[in-house]
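Novice: Input: one structure, supplied below.
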Amino acid sequence: MPIKDGKQYVERLDASKASVWIQGNKVTVPVSSHPAFAGLISTQAELYDMQGQSTLKKGMTYESPTTGDPVGMSFLIPKSKADLKKRRIMFGRWADVHHGFLGRSPDYMNTTIMAFGAAADLLSEHDPMYTANLKAYYEYCRENDITLSHAFIMPHKARLRAILKTHELPDAPTVVEKTKEGLIVNGAFLLATQGVTAEEILVYPTPLPSTYRVNPHAFGFAIPNNLPGLKFICRESFVSGTSQYDYPLSSRFEEMDTLVVLDHVLVPHDRVFMYGDAQIMGSFFEKSHFHTHVGHQVLCRVIAKTEFLLGTIELIIDTLGLRTYTHIIEKAAEVIATLESLKGLLVACEANARLDQWGSMLPDSRPLYAANYLFPKLFPRIMEIIQLLGASSIIMIPSEQDFESEVAEDINRYLMGIKLDAKQNVGLFRLVWELSTSSFAGRQSLYERFFFGDSIKVANRLYHGYTNKDAYAAKVDHFLSDSITKN
């Protein structure tokens with residue numbers, strides 16, 4: 001099957017009939033019609049429609065090396081800097097639709113499976129079957145335009161037992177049996193973002209310790225989201241309503257996070273990419289350059305998001321007549337500097353790209369890891385600036401229905417902006433509310449803060465991967481030695 005369009009995306013999701021629970025009830029209607037998922041599914045259907053409306057020249061697709069049919073550009077294994085540019089343009093076009101609010105837009109996981117597929121030969125050290133399985137799965141996802149989610153964060157209870165070095169880990173994700181048909185897996189994972197709105201889920205946890213020669217907690221596999229024993233338990237939805245005027249962001253971009261429960265789920269052998277060897281699992285994650293490849297996509301996304309934030313700030317300044325206040329301009333300049341810094345890091349990561357051991361053109365990890373470190377710290381500051389600029393206007397936001405009521409005349413009179421009528425003015429600040437202060441905004445801030453792990457992990461990744469620091473230290477050491485010699 002070639003690239004899919006939005007209609008096919010929706011039809012596949014509805015047909016899968018995954019086991020989904022929300023607010024204590026099992027979802028029995030098609031997921032595309034459920035208010036918790038409908039807006040996001042509609043947005044992602046729009047993304048998929050862009051592929052079909054574009055020609056190869058427009059950069060959304062490329063020719064499949066297997067069939068010659070068009071396939072999604074985010075599946076492309078880059079072999080040159082020109083390929084990185086093609087991928088970046090495609091990332092940017094999708095990000096311009098969701099404005100960076102979809103942390104798990106399909107191109108993120110497409111990039112993940114591309115990175116894993118490109119490095120699949122590493123798994124031959126353990127078993128050539130796993131290499132063949134992963135390469136075949138990458139091709140399957142590419143040729144069928146599969147929408148993927150992923151799960152890898154274990155419940156705190158399982159991790160606590162590992163920290164305490166308790167040998168029994170009954171609540172940890174575990175392979176409980178290996179049969180002729182496949183692996184039987186029990187356990188659960190946190191935060192499978194878009195698990196409900198994807199067709200399949202890629203599972204690759206960091207292995208917990210084990211005293212067994214074959215570690216039952218070390219595995220990686222991919223499965224459809226409707227297998228027997230698999231269910232998704234959703235958090236509370238942050239979609240506050242279907243009105244795009246009242247809720248311009250959550251009605252379109254609310255990504256559901258789920259607890260994924262596996263109750264004796266049978267994973268077929270051809271869907272298993274690793275089992276039993278924690279060392280190979282850890283080495284594969286690093287040597288596949290996962291963080292670098294997806295970091296390229298993420299940087300494109302956060303640039304689009306920062307452009308949206310800056311545009312919102314400029315509209316606030318214009319609407320409230322704040323341009324003459326120097327402290328306001330200084331705050332806006334902070335955001336401009338953030339945006340241009342991110343763009344510079346994107347240019348640098350592509351300009352200094354090099355072929356890796358798998359023959360893939362790998363973006364320079366140093367500027368990407370710097371961006372991964374900086375943006376989670378800068379994003380809360382931008383939210384603070386938006387709140388400081390919007391002030392009371394963020395609070396006084398009557399609803400769309402108020403403009404159709406008996407009090408509409410008063411609202412239209414007293415809530416006008418300098419250049420906007422009352423409905424336009426309130427519409428702007430309803431956006432600002434959802435962006436900076438709502439439950440949707442809180443989830444966005446938390447999500448960006450921990451996107452690539454806590455700040456210590458991100459800092460360690462940056463520091464230990466930054467090879468230049470040794471050369472800089474040697475330069476200073478030479479300077480000091482030279483000064484001592486001369487004296």
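Novice: From the set of residues in region 386-400 that are of a type in the set (Ser, Thr, Tyr) and in contact (Cβ under 8 Å) with a residue 40 or more places away in the chain, which is surrounded by the most Cβ atoms within 10 Å (Cβ to Cβ)?
Specialist: Within region 386-400, the first condition is being of a type in the set (Ser, Thr, Tyr), and the residues that meet it are 392-393, 399.
Right, trim to in contact (Cβ under 8 Å) with a residue 40 or more places away in the chain and you get 393, 399.
Details: 393: 19, 399: 15.
Per the criteria, the residue is 393.
Novice: Among the candidates 484, 418, 456, which residue alone is touching a residue at least 60 places away in the same chain (Cβ under 8 Å), hydrophobic (A, V, I, L, M, F, W, C) and open to solvent by 100 Å² or more (accessible area, probe 1.4 Å)?
Specialist: Only one candidate qualifies: 418.
Novice: Identify all residues within region 434-453 that are free of Cβ contacts under 8 Å to residues at least 40 places away in the same chain and at negative phi; write none if there are none. Step through it out loud before you land on a result.
Specialist: So the first thing to find is which residues in region 434-453 are free of Cβ contacts under 8 Å to residues at least 40 places away in the same chain, and the list is 442, 446, 453.
Answer for region 434-453, where residues must be free of Cβ contacts under 8 Å to residues at least 40 places away in the same chain and at negative phi: 442, 446.
Novice: Mind checking which strands (runs of 3 or more DSSP E) fall wholly inside region 184-236 and carry at least 2 residues that are over 24 Å from the mean Cα position of the chain (by Cα)?
Specialist: Numbers: elements: 200-203, 215-224, 230-234.
Here the list reads 215-224.
Novice: Among (1) modelled with pLDDT of 95 or more; (2) open to solvent by less than 10 Å² (accessible area, probe 1.4 Å), where does residue 218 come up short?
Specialist: Evaluating residue 218 over (1) modelled with pLDDT of 95 or more; (2) open to solvent by less than 10 Å² (accessible area, probe 1.4 Å) leaves (1) as the failure.
Novice: Mind listing whichever residues of region 103-118 are touching an Asp or Glu at 6+ places or on another chain (Cβ under 8 Å) and not charged (D, E, K, R)?
Specialist: Answer for region 103-118, where residues must be touching an Asp or Glu at 6+ places or on another chain (Cβ under 8 Å) and not charged (D, E, K, R): 103, 117.
Novice: From the list 132, 115, which residue is open to solvent by 10 Å² or more (accessible area, probe 1.4 Å), in a helix (DSSP H, G or I) and out of contact with any Gly (no Cβ under 8 Å at 6 or more places or on another chain)?
Specialist: The unique qualifying residue is 132.
Novice: Give me a count of the residues in region 271-305 that are basic (Lys, Arg), under 22 Å from the mean Cα position of the chain (by Cα) and open to solvent by 10 Å² or more (accessible area, probe 1.4 Å).
Specialist: Selection size over region 271-305: 1.
Novice: Have a look at 276, 220 and point out the one that is in contact (Cβ under 8 Å) with a residue 60 or more places away in the chain and on the phi > 0 side of the Ramachandran plot.
Specialist: When all the criteria are applied, what remains is 276.
Novice: Given the conditions (1) over 26 Å from residue 223 (Cβ atoms); (2) touching a residue at least 60 places away in the same chain (Cβ under 8 Å); (3) assigned to a loop (DSSP other than H, G, I, E, B), report the number of the one that residue 3 does not fulfil.
Specialist: (1)
Novice: Kindly indicate whether any position in region 48-61 is open to solvent by less than 20 Å² (accessible area, probe 1.4 Å), of a type outside the set (S, T, N, Q) and either out of contact with any helix residue (DSSP H, G or I) (no Cβ under 6 Å at 6 or more places or on another chain) or closer than 27 Å to residue 257 by Cα (or both).
Specialist: Pass one, region 48-61, residues open to solvent by less than 20 Å² (accessible area, probe 1.4 Å): 48, 51, 59-61.
Going one step further and asking which of them are of a type outside the set (S, T, N, Q), we end up with 48, 59-60.
Add one more test, that the residue is either out of contact with any helix residue (DSSP H, G or I) (no Cβ under 6 Å at 6 or more places or on another chain) or closer than 27 Å to residue 257 by Cα (or both), and what stays is 48.
The answer is yes, given that some residue of region 48-61 is open to solvent by less than 20 Å² (accessible area, probe 1.4 Å), of a type outside the set (S, T, N, Q) and either out of contact with any helix residue (DSSP H, G or I) (no Cβ under 6 Å at 6 or more places or on another chain) or closer than 27 Å to residue 257 by Cα (or both).
Novice: How many residues are modelled with pLDDT of 95 or more, in contact with a strand residue (DSSP E or B) (Cβ under 7 Å, 6 or more places away or on another chain), assigned to a helix (DSSP H, G or I) and not basic (Lys, Arg) when one looks only at region 271-305?
Specialist: 1
Novice: What's the number of the only condition in (1) open to solvent by 40 Å² or more (accessible area, probe 1.4 Å); (2) part of a helix (DSSP H, G or I) that residue 65 fails to meet?
Specialist: (2)
Novice: Follow-up question, since we're still on this one. Counting only residues that are free of Cβ contacts under 8 Å to residues at least 60 places away in the same chain and more than 21 Å from residue 12 (Cβ to Cβ), which one in region 68-84 is surrounded by the fewest Cβ atoms within 10 Å (Cβ to Cβ)?
Specialist: Restricting attention to region 68-84, the residues satisfying the condition of being free of Cβ contacts under 8 Å to residues at least 60 places away in the same chain are 68, 73, 76, 82.
Of the ones still in play, those that are also more than 21 Å from residue 12 (Cβ to Cβ) are 68, 76, 82.
Values: 68: 9, 76: 20, 82: 11.
My answer is 68.
Novice: Please find, within region 423-453, the residue that is most open to solvent (accessible area, probe 1.4 Å) out of those that are more than 27 Å from residue 364 (Cα to Cα) and of a type in the set (Gly, Ala, Ser).
Specialist: 439
Novice: Here's a check for you: in region 352-385, which residue that is out of contact with any Phe, Trp or Tyr (no Cβ under 7 Å at 6 or more places or on another chain) and basic (Lys, Arg) is surrounded by the fewest Cβ atoms within 10 Å (Cβ to Cβ)?
Specialist: The extreme case among them is 354.
Novice: So residue 92 fits all but one of (1) over 23 Å from residue 140 (Cα atoms); (2) in contact with a strand residue (DSSP E or B) (Cβ under 8 Å, 6 or more places away or on another chain); what number is the exception?
Specialist: Against the list (1) over 23 Å from residue 140 (Cα atoms); (2) in contact with a strand residue (DSSP E or B) (Cβ under 8 Å, 6 or more places away or on another chain), residue 92 comes up short only on (2).
Novice: What are the residues in region 237-270 that are farther than 17 Å from residue 34 by Cβ, in a loop (DSSP other than H, G, I, E, B) and open to solvent by 50 Å² or more (accessible area, probe 1.4 Å), if any?
Specialist: 244 - this is the single residue of region 237-270 that is farther than 17 Å from residue 34 by Cβ, in a loop (DSSP other than H, G, I, E, B) and open to solvent by 50 Å² or more (accessible area, probe 1.4 Å).
Novice: On to the next question. What are the residues in region 306-322 that are of a type outside the set (A, V, I, L, M, F, W, C), assigned to a helix (DSSP H, G or I) and open to solvent by 20 Å² or more (accessible area, probe 1.4 Å), if any? Explain how you work it out, then say what you get.
Specialist: From region 306-322, those of a type outside the set (A, V, I, L, M, F, W, C) are 306-307, 311-312, 314, 318-319, 321; that's our starting set.
Adding the requirement that they be assigned to a helix (DSSP H, G or I) leaves 306-307, 311-312, 314, 318-319.
Those that are of a type outside the set (A, V, I, L, M, F, W, C), assigned to a helix (DSSP H, G or I) and open to solvent by 20 Å² or more (accessible area, probe 1.4 Å): 307, 311, 314, 318.
Novice: Can residue 205 be described as open to solvent by 10 Å² or more (accessible area, probe 1.4 Å), touching a residue at least 12 places away in the same chain (Cβ under 8 Å), on the phi < 0 side of the Ramachandran plot and not aliphatic (A, V, I, L, M)?
Specialist: no
Novice: Inspect region 20-37 for any residue being in contact with a helix residue (DSSP H, G or I) (Cβ under 6 Å, 6 or more places away or on another chain), surrounded by fewer than 19 Cβ atoms within 10 Å (Cβ to Cβ), closer than 25 Å to residue 248 by Cα and not acidic (Asp, Glu) and give the result as yes or no.
Specialist: Kept after step one, since they are in contact with a helix residue (DSSP H, G or I) (Cβ under 6 Å, 6 or more places away or on another chain), are these residues of region 20-37: 30-32, 37.
Narrowing the set further to residues that are surrounded by fewer than 19 Cβ atoms within 10 Å (Cβ to Cβ) leaves 30, 32.
From the residues that got through so far, the ones that are closer than 25 Å to residue 248 by Cα too are 30, 32.
Filter once more, keeping what is not acidic (Asp, Glu): 30, 32.
There is at least one residue in region 20-37 that is in contact with a helix residue (DSSP H, G or I) (Cβ under 6 Å, 6 or more places away or on another chain), surrounded by fewer than 19 Cβ atoms within 10 Å (Cβ to Cβ), closer than 25 Å to residue 248 by Cα and not acidic (Asp, Glu).
Novice: Every residue in region 459-481 that is of a type outside the set (Lys, Arg), open to solvent by less than 60 Å² (accessible area, probe 1.4 Å) and in contact (Cβ under 8 Å) with a residue 60 or more places away in the chain, please.
Specialist: 459, 462, 465, 468, listed by residue number.
The values are calculated or read from the model by the stated rules, or taken from the named source; none is laboratory data. Here the structure is a predicted model, which is why all the values come from computation and not from measurement. Because the Cβ atoms are built from the backbone with ideal geometry, glycine has one as well, and the counts that use them run over all protein chains shown. In case anyone asks, the SASA skips ligands and DNA or RNA and just uses the protein heavy atoms, side chains included. Shrake-Rupley method; radii C 1.70, N 1.55, O 1.52, S 1.80 Å.
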